[in-house]
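Read-outs: derived from the displayed coordinates by stated rules, not from any lab. If you're wondering where the values come from, they're calculated on a predicted model, not measured in any experiment. Positions of Cβ are backbone-derived with ideal geometry, glycine not excepted, and every protein chain shown enters the neighbour counts.
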Amino acid sequence: MFKKVIVKEYSMYNDLIQHQPTETSLSFSKQFKLELFTLEQLKPLKVITYKDDVQARTLIEQKKVDILLNPHLAQGKDPMHSKHSGLNQVLCELARKQDVAIGITLDTCTTPVALGRIFQNVVLCRKYHVPLFLFTFAKNPYELRNPKDLLSFCTLLGMNSSQALTAVSGLTAFLKRKSIK
């Protein structure tokens, strides 16, 4: 009846945080099998938040970005029958060709409008094979989340199981592909 999906289990999950790792956050990361990255550690990787489609397109075309963070926060009002999610088919196709990933932070997933835009971005990223990552972007150790909870949240956003696993634990492979770590 149901088709069982076999998913490769990663030994470590990844997360991007805003604070410097403390003893508490390191104990949480060991408990959750979580590898923490700060923005300082990812300096060679160009992580950019943008507000405009034109700016995003020029950044991607000129290879000035590796991860576009929170495209759903783009300026603009939603049209009547669609969402202005910050991504479109042209940006997704360019992102795939230039090996640019899309990043979503958990702290921006607070409103129904943001969740609808994220859902549309998930569909576009799956259709155009653009890597998608989910980060907690924790400001303190108590904002860290269990990776199993993040996997469940990813499936609620419309990701299939392999895409959800890549979103939570694929940053290390992305860094190796970019030859940064």
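Charge dipole of the stretch 13-177 (Cα centre as origin; +1 on each Lys and Arg Cβ, -1 on each Asp and Glu Cβ, all else neutral): 340 debye, rounded to the nearest 20. Only one of (1) -0.65, -0.78, -1.07; (2) -0.42, -0.49, -0.78; (3) -0.31, -0.38, -0.76 was calculated from the structure for log10 I(q)/I(0) by the Debye sum over Cα atoms at q = 0.09, 0.10, 0.14 Å⁻¹, and its label is (3).
For the pairs Lys127/Lys148; Lys46/Lys139; Lys30/Lys51; Lys127/Lys176; Lys30/Lys97, flag any whose C-alpha to C-alpha distance is greater than 32 Å.
Values: Lys127/Lys148 25 Å; Lys46/Lys139 20 Å; Lys30/Lys51 36 Å; Lys127/Lys176 24 Å; Lys30/Lys97 36 Å.
Check vs 32 Å cut-off fails for Lys30/Lys51; Lys30/Lys97.
The H on the amide N of Thr49, modeled in the peptide plane, is under 5 Å from the matching H of Leu69, each at least 5 residues off or on a different chain. Could you work out the local net charge near His19, counting Lys and Arg as +1, Asp and Glu as -1, over the other residues with Cβ closer than 15 Å to its Cβ? Neighbour charge sum, excluding His19 itself: -3.
Database remark: amide H of Leu157 closer than 5 angstrom to no amide H (H placed geometrically; neighbours at sequence offset of 5 or more, or on other chains; Pro and chain starts carry no H).
The C-alpha atoms of the chain define a longest principal axis, and helix 147-156 lies at about 30 degrees to it.
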